[in-house]
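Data first, discussion second: the structure below is written as structure tokens.
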Amino acid sequence: MNEPMWYVVHTYSGYENKVKANIEKIVENRGLEEEILEIVVPIEDVVEVKNGKKRTVSRKVFPGYVLLKMIMNDDTWFVVRNTRGVTSFVGPGSKPVPLTESEAKAMGIGMSLSRINIDFEIGDSVRVISGPFEESIGIIKEILESKNSIIANFSVFGRETAVELEFEQVVKL
């Protein structure tokens, strides 16, 4: 028996969850639970910061794609390929190409992704709303998304000073 692998299916944009539900229903009706093991629409939680307020929003990581862990054979290929909303498997021609395990992990399958989406740009003026520099006004020189912070220049005792601040500590002016 073949080993289950991850495959990527292209869908109509916005139909990812419908395709997932349709495939799950077909799998249940036809008893293919042993062959189509997992169906995933990767979603990430994005924290948006606007005017100093944080809001968490869920977004699709790969709009227009659904990932399936399945054993590829004629039956499973036919079932998935002929599901309403599916346009094709990802791969050359009609031959689906499985993802490697490292590619699947890199795509965030089985993991919860989280990221912060901010409305700051380099050169923006910001006002500090908390911490030792509260009420100070500075100009963003660098955005450090990996650390969820910015580096801004402030005038301290008449001298330009670079200060690293978290996104939640500042509001855009």
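Below, the figures for the structure above:
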read-out: Computed over the chain: relative contact order in percent, which uses C-alpha pairs under 8 Å that are six or more apart; value: 24
read-out: Ellipticity estimate at 222 nm from DSSP helix runs (n ≥ 4, -39,500 (n - 2.57)) divided over the chain, nearest 500; value: -5000 deg cm²/dmol
read-out: At q = 0.10, 0.13, 0.16, 0.20 Å⁻¹, base-10 log of I(q)/I(0) for the chain (Debye sum, equal scatterers on each alpha carbon); value: -0.56, -0.71, -0.87, -1.19
read-out: Fraction of accessible area attributable to carbon and sulfur, the chain (%, probe 1.4 Å); value: 49
read-out: Cut-off of 10 Å, at most 16 other beta carbons, DSSP loop: longest stretch of the chain lacking such GluC sites (Glu not before Pro); value: 35-120
read-out: Selected from ARG81, ARG30, ARG127 as most flexible by GNM, with the chain as the system and alpha-carbon contacts under 10 Å; value: ARG30
read-out: Mean accessible surface per residue for the chain, computed with a 1.4 Å probe while every protein chain stays in place, in Å²; value: 61
read-out: Length gained when the stretch PHE78-ARG159 is fully extended (0.36 nm per residue, less Cα-Cα span); value: 22.2 nm
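The values are calculated or read from the model by the stated rules, or taken from the named source; none is laboratory data. Note that this is a predicted model, so its numbers are computed, not measured. Reconstructed Cβ throughout: ideal geometry from the backbone, glycine too, with neighbour counts over all protein chains shown. Accessible surface is based on the protein model in full, side chains and every heavy atom, while ligands, DNA and RNA are left aside. Shrake-Rupley method; radii C 1.70, N 1.55, O 1.52, S 1.80 Å.
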